[in-house]
Amino acid sequence: MINKKKIIVIGGGYGGVLTAKKLAKKFKKDNNIEITLIDKKPYHTMLTELHEVAAGRVPEDSIRIDLKKIFAKRKVNVVLDEITNIDFKKQVIKSQNNSYEYDYLVIGTGCKPTFFGIPGAEEYSHQLWSYEDAVNLKEHILNMFRKAVKETNKEKRQKMLTFVAVGGGFTGVEMIGELAEWKSRLCKEFYVDEDEVKLYVVDAMPKILPIFPDKLIKKAEKRLQKLGVEIITGSGITKVTEDSVELGEKGKITTKTVIWAAGVEGSDTIGNMELKQQGRKRIVTNDKLQSLDYDNVYVVGDNIFYIPEGEERPVPQMVENAEHSAPVIAQNIYTDIKGGEKKSYKPAFHGAMVCIGGRYGVAHIGKPGKFFGLSGFAAMFVKHLINLVYFFQVSGFNKCWSYILHEFFHVKDKRSLVGGHFAKASPNFWLVVLRVFVGYKWLEQGLHKLPKILENPSNVFLIPPSPAAATSGASAAAETATNAAEQVVEALPVPEFIENIVKWSMDTFFYTADGGFTGLAEVFQTCMVIGEIIVGLLLIAGLFTALASIASLAMGMMVWTSGMAPYEMLWYLSAGVALIGGTGSTFGLDYYLFPVLKKYWKKIGCVKKNYLYVD
């Protein structure tokens, strides 16, 4: 019996998830390979979106994905456990109650905040580096407003309404920007004057967002100031207490809320490993992303300390590093087992983006030697696009769909790059009358035409006559053509290029050489009439309403492109668009059918594997 090769990935973050998926794909047909992902939490957290939950822009569950859902029907065993020790020589991973043997190990345990030995920083500040951190910070902010509205002591009240983000990097700027947008809603709900709320972002560096060019930094500063945020730079934190944060020579800020976003270091698990480390507990690797101490130990994402050839600094701790390193590691482990040439890690980073609230951002993107800056709508658009690309890799359509809903459709206070235009919702029952009426009209048309089809299937009247019909000897065809022409009093105009396409398709499929109609034309006409009846019935009954509305729109478009659509067809087209959202969930059969279908649909293997469902 052949012993199975065991590959273990520690960490369900960006790097760990992507590496495990790449490995599963490479070894999907190899039963002698066992892939296991171990994490102390049962879900993957979108760390780049934590500030959105902490500042009340999106619901809590929007930033996490069940690991078992991610790896459904894939060759990855998900294990919930917290690793406490690794014996690299014996190739054994240990937790408090279990041990796991491995042949190949991928370390992706991520990072944690670092406090630089500053007194009180860890004890009295709020972190923003996990799902729990975001939820706790959100609740703390709400509690500050709840308590402040009842506090009569002005000094105590001001402490509760003062918020300080320590760190002018991505996390600090994004968090204080989101909080600044949330401020209006909080003040309205808790009867607080907006002028009472004080927001600060503090950094020891001479400027915020130091990796960005000065032009973008100034735009970011201008946006923060417009939102009421005071920027304090060139001032290192010397102490944090329960009621204040001290800024050395620049005095102190009295506050009950210090949000720590001043830097990260490797996780405690990394710190306890007997591997060569550098730069705040990052594991030193070679160009194949193997640790320098053990060839069968690979490192992914934020835990990598590797300086690419020609560079002066190690690869950055950002999501793109995880995306680039995961396929390299998967390929190299595959090569270790199957043979071949290993890949070297040659990342080409494409920049960074920062959102300052839900409506504004700055971005510095491109490729080496050709970077350019974006701000406002363009920067936010790029950020959302890149997020969707990443989420599609992790959880396909399912996560992309929920992300779009949270970011554009289910937003409050216009906190989106498109404002609140997509968030204006109204109850479906207002459209029930329209749905039934459109259904009735299609059904009426279909039933009116059905007797003609049954009487003489060769009587084609839904397709425009062939130009050759007027000069040919086919009298029956000419008579049919004349009848069809008489039916169209004034048709909707059709662009010339569409007319040419339709003419070609008609000549190819529907017209005979003598000006008559082919058998395919008869079939098409019959299907159109039956389609009108079916769409009408579905809309009236509220069954598969979205699909019926799309079919209604498609039939209307076909009639229009044929050149035989009266201006009345504009009404059908507009109504079809209005009903695509689906109104069958109100006074329709979809209300009863869809919950049942969703329940069984999600259980289908290929559906689960390809994430072809919505939550």
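The values are calculated or read from the model by the stated rules, or taken from the named source; none is laboratory data. These figures come from a predicted structure and were not determined experimentally. Note that we place each Cβ from the backbone using ideal geometry, even for glycine, and neighbour counts take in every protein chain shown.
Applying the condition of being touching a Gly at 6+ places or on another chain (Cβ under 9 Å) and modelled with pLDDT under 90 to region 500-519 and asking which residue is surrounded by the fewest Cβ atoms within 10 Å (Cβ to Cβ) yields ASP514. The residue pairs whose first member lies in region 282-296 and is among the aromatic types (Phe, Trp, Tyr), whose second member is outside any strand (DSSP E or B), and whose beta carbons are closer than 8 Å, counting only pairs six or more residues apart or on different chains, are TYR294/PHE88; TYR294/LEU275. Just one of the listed residues (VAL535, VAL523) is without any contact (Cβ under 8 Å) to a residue 24 or more places away in the chain and either in the same structural domain as VAL460 (by TED's automatic domain parsing) or assigned to a loop (DSSP other than H, G, I, E, B) (or both), and it is VAL523. Residue-level check: of (1) closer than 23 Å to CYS111 by Cβ; (2) in contact (Cβ under 8 Å) with a residue 60 or more places away in the chain; (3) not aromatic (Phe, Trp, Tyr), GLY358 misses just (1).
Table: residues versus (1) out of contact with any strand residue (DSSP E or B) (no Cβ under 9 Å at 6 or more places or on another chain); (2) more than 28 Å from LEU405 (Cβ to Cβ); (3) not polar (S, T, N, Q).
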| position | (1), (2), (3) |
| --- | --- |
| LYS5 | no, yes, yes |
| ALA20 | no, no, yes |
| ILE35 | no, yes, yes |
| ASP39 | no, no, yes |
| THR45 | no, no, no |
| SER62 | yes, no, no |
| VAL78 | no, no, yes |
| GLN91 | no, yes, no |
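Criterion first (among the small types (Gly, Ala, Ser) and within 30 Å of GLY172 (Cβ to Cβ)) does ALA55 satisfy it?
On the way: among the small types (Gly, Ala, Ser): yes; within 30 Å of GLY172 (Cβ to Cβ): yes.
Yes.
Within region 408-455, if we keep just the residues that are of a type in the set (S, T, N, Q) and part of a loop (DSSP other than H, G, I, E, B), the residue that is surrounded by the fewest Cβ atoms within 10 Å (Cβ to Cβ) turns out to be SER426.
Test GLY373 against the stated conditions and say whether it is surrounded by 22 or more Cβ atoms within 10 Å (Cβ to Cβ) and closer than 28 Å to TRP182 by Cα. So GLY373 does not fit the description; no.
Taking the residues in region 298-313 that are in a strand (DSSP E or B) and without any contact (Cβ under 8 Å) to a residue 60 or more places away in the chain as candidates, determine which candidate is surrounded by the most Cβ atoms within 10 Å (Cβ to Cβ). Of everything passing the filter in region 298-313, ILE304 is surrounded by the most Cβ atoms within 10 Å (Cβ to Cβ).
Counting the residues of region 346-382 that are basic (Lys, Arg) and modelled with pLDDT of 95 or more gives 1. The requirement of being closer than 30 Å to TYR613 by Cα, touching a residue at least 12 places away in the same chain (Cβ under 8 Å) and touching a Ser or Thr at 6+ places or on another chain (Cβ under 9 Å) is not satisfied by SER95.
For LYS222, the criteria (1) surrounded by fewer than 16 Cβ atoms within 10 Å (Cβ to Cβ); (2) in contact with a strand residue (DSSP E or B) (Cβ under 8 Å, 6 or more places away or on another chain); (3) at pLDDT 95 or above; (4) not assigned by TED's automatic domain parsing to the domain that holds VAL17 hold in every case but one, which is (2). Hey, among the residues in region 426-454 that are free of Cβ contacts under 8 Å to residues at least 12 places away in the same chain and under 30 Å from HIS406 (Cβ atoms), which one's farthest from the chain's Cα centre (by Cα)? Checking each candidate, the answer is TRP430. Of the residues contained in region 581-599, one or more are found to be of a type in the set (A, V, I, L, M, F, W, C) and more than 26 Å from LEU443 (Cα to Cα). Does LYS367 satisfy being closer than 30 Å to ASP214 by Cα, charged (D, E, K, R) and touching a Cys at 6+ places or on another chain (Cβ under 7 Å)? No; evaluated as a whole, the condition is false for this residue.
Within the set GLU155, GLU174, GLU151, the sole residue that is farther than 30 Å from GLY369 by Cα and either among the hydroxyl-bearing types (Ser, Thr, Tyr) or part of a helix (DSSP H, G or I) (or both) turns out to be GLU155. Every test in (1) within 25 Å of the chain's Cα centre (by Cα); (2) touching a residue at least 24 places away in the same chain (Cβ under 8 Å); (3) more than 19 Å from ILE550 (Cβ to Cβ) is passed by VAL614 save one, and that test is (3).
The single condition among (1) crowded, with 20+ Cβ neighbours inside 10 Å; (2) assigned to a loop (DSSP other than H, G, I, E, B) that VAL201 does not satisfy is (2).
The residues in region 3-20 that are surrounded by fewer than 24 Cβ atoms within 10 Å (Cβ to Cβ) and in a strand (DSSP E or B) can be counted, and the count is 2. Of all the listed residues (SER244, SER235), the sole one being modelled with pLDDT under 95 and either surrounded by 14 or more Cβ atoms within 10 Å (Cβ to Cβ) or more than 20 Å from VAL362 (Cβ to Cβ) (or both) is SER235.
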